[in-house]
Amino acid sequence: MSILFNRKRWLWIIPYLFLGPWLIGILVFSAIPILSSLYLSFTNYNFVSSPDWIGLKNYITMFTSDPQYWQALKVTLIYVLVAVPLELAFALFLALLLNRGIRGLGFYRAVYYIPSLIGGSVAISILWQQVFGDHGMVNQVLGLIGIDMPSWVGTPDYAIWSIIFLKVWQFGSPMVIFLAGLKQIPPDYYEASSLDGAGKWSQFFHITLPILSPIVLFNAIMQIISSFQAFTPAYIISNGTGGPVNSTLFYTLYLYQNGFGNFQMGYASAMAWALLIIIACFTGLIFLTTKKWVHYAD
């Protein structure tokens, strides 16, 4: 009996043994690097010498004497505020079309989801660079209708739009989530509103959107976070420079240039933590407005 009792005393360890690999991964690959970057943000560190503690100097320099930082933040904000609404609107539009009971729904859903899987790859960014180049497919199509356009990726006024279109093209993930939400709306709601004389637009704004509002919130938060972290398209399309004339200098690209180009890892760490605070503020502001436009079942 004593041996059996002693064995039961150690049974609580078994779940942690199964969780061990995951806990070690979180600790080694997430927790320790995050805390290290917080420490490095208060230092001058160049990979070669030991970190030199300088306090808030990196943050002061960032906000007061680095015009490139504000340009990178401006470009990123334009990208987020334009690309995310367009992507969500396009995703919802296609979800509404697919929800009409067309044949081969599974095929179309899979095809439309593919851009979300490959859109962030280097290969697609290179392809996009060619499509929106001086003699790319976009300009060739526009030339057929008499519109002569310069290189999208080589012109400061249009370069950011080529990356925005790439973001909108990756509509598959929010579309699938919208489609799942549309499937959960009871048809009785539309039938009852039709008897009361409601049209399609009225049903959309008074039934579909209010019921989908929690899903809109989820998709908006997820896409805003991913848009702030966008890096590969800007790096590939601008050849790592953020050009032309810093028109595609995304926040993460400028962070990369400082950390791995100029070997200012302390400054880059400070930028990373500033980005975390910016994303948290955006998310918090959105949640503060949810009482006015998000409707839950209860």
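Computed from these coordinates, which is mean projected area of the Cα convex hull in nm²: (1) 29.2; (2) 26.1; (3) 17.3?
Step by step, mean projected area of the Cα convex hull in nm² for this structure corresponds to label (2).
For Phe218 and Ala123 in the same chain, what is the full-extension length gain: residue separation times 0.36 nm, less their Cα-Cα distance, in nm?
On the way: separation 95, 0.36 × 95 = 34.20 nm, distance 2.87 nm.
Full-extension gain reported as 31.3 nm.
Rounded to the nearest whole Å², what accessible area per residue is found for region 151-298 with the 1.4 Å probe? Can you show the working numbers first?
Working: 7330 Å² over 148 residues.
Per-residue value: 50 Å².
For Trp12, what accessible surface area do you get with a 1.4 Å probe? Give it in Å², rounded to 10.
Approximately 150 Å² of Trp12 is accessible to the 1.4 Å probe.
Quick one: putting +1 on the C-beta of Lys and Arg, -1 on the C-beta of Asp and Glu, what dipole do you get for the chain around its Cα centre, in Debye to the nearest 20? Can you show the working numbers first?
Working: 13 positive and 10 negative charges, 197 e Å.
For this selection, approximately 940 debye.
Where does each of Thr283, Thr248 land when they are ordered by accessible area, with a 1.4 Å probe and the largest first?
Working: Thr283 30, Thr248 0 Å².
Final ranking, largest accessible area leading: Thr283, Thr248.
For region 73-222, what D do you get in µm² per second when you plug the Kirkwood radius from alpha-carbon pairs into Stokes-Einstein at 37 °C and 0.692 mPa s?
Numbers: Rh = 17.5 Å.
Taking Rh from Cα pairs, D becomes 188 µm²/s.
Give, rounded to the nearest 20 debye, the magnitude of the charge dipole that region 113-206 has about its Cα centre when Lys and Arg contribute +1 at Cβ and Asp and Glu contribute -1 at Cβ.
On the way: 3 positive and 6 negative charges, 43 e Å.
Dipole about the Cα centre, nearest 20: 200 debye.
Once a ≥ b ≥ c are taken as the square roots of the eigenvalues of the Cα gyration tensor of region 214-259, is the result rounded (a/c under 1.5), prolate (a/b larger than b/c) or oblate (a/b not larger than b/c)?
On the way: a/c = 3.43, a/b = 2.53, b/c = 1.35.
It is prolate, given that a/c is not under 1.5 and a/b is the larger ratio.
Considering every Cα-Cα pair within region 146-298, what fraction, in whole percent, is farther apart than 25 Å?
Details: 5915 of 11628 pairs.
For region 146-298, the share of Cα pairs beyond 25 Å comes to 51 percent.
Given points 7 Å out from each Cα along the Cα-Cβ axis, report the Arg100 to Tyr296 separation in nanometres with one decimal.
Taking the two extended label points, one gets 3.5 nm.
Report, to the nearest whole %, how much of the accessible area of the chain belongs to carbon and sulfur atoms, 1.4 Å probe, protein only.
Working: 12360 of 17810 Å².
Carbon and sulfur atoms account for 69 percent of the accessible area of the chain.
Can you give me the C-alpha center-to-center distance between region 106-174 and region 204-256, rounded to a whole angstrom?
When both Cα centres are located, 15 Å separates them.
Starting with the highest mean, order 209-221, 250-262 by the number of other Cβ atoms within 10 Å, averaged over the residues of each peptide. If you can, show how the numbers build up before the last one.
Numbers: 209-221: 17.2, 250-262: 19.8.
Most protected by this proxy first, the peptides run 250-262, 209-221.
Report Val153's accessible area, 1.4 Å probe, all protein chains in place, as a number in Å² to the nearest 10.
30
The values are calculated or read from the model by the stated rules, or taken from the named source; none is laboratory data. Everything numeric in this text was worked out from a predicted model, so none of it was measured. Ideal geometry is used to build each Cβ from the backbone, glycine not excepted, and the neighbour counts take in all protein chains shown. Accessible surface is based on the protein model in full, side chains and every heavy atom, while ligands, DNA and RNA are left aside. Shrake-Rupley method; radii C 1.70, N 1.55, O 1.52, S 1.80 Å.
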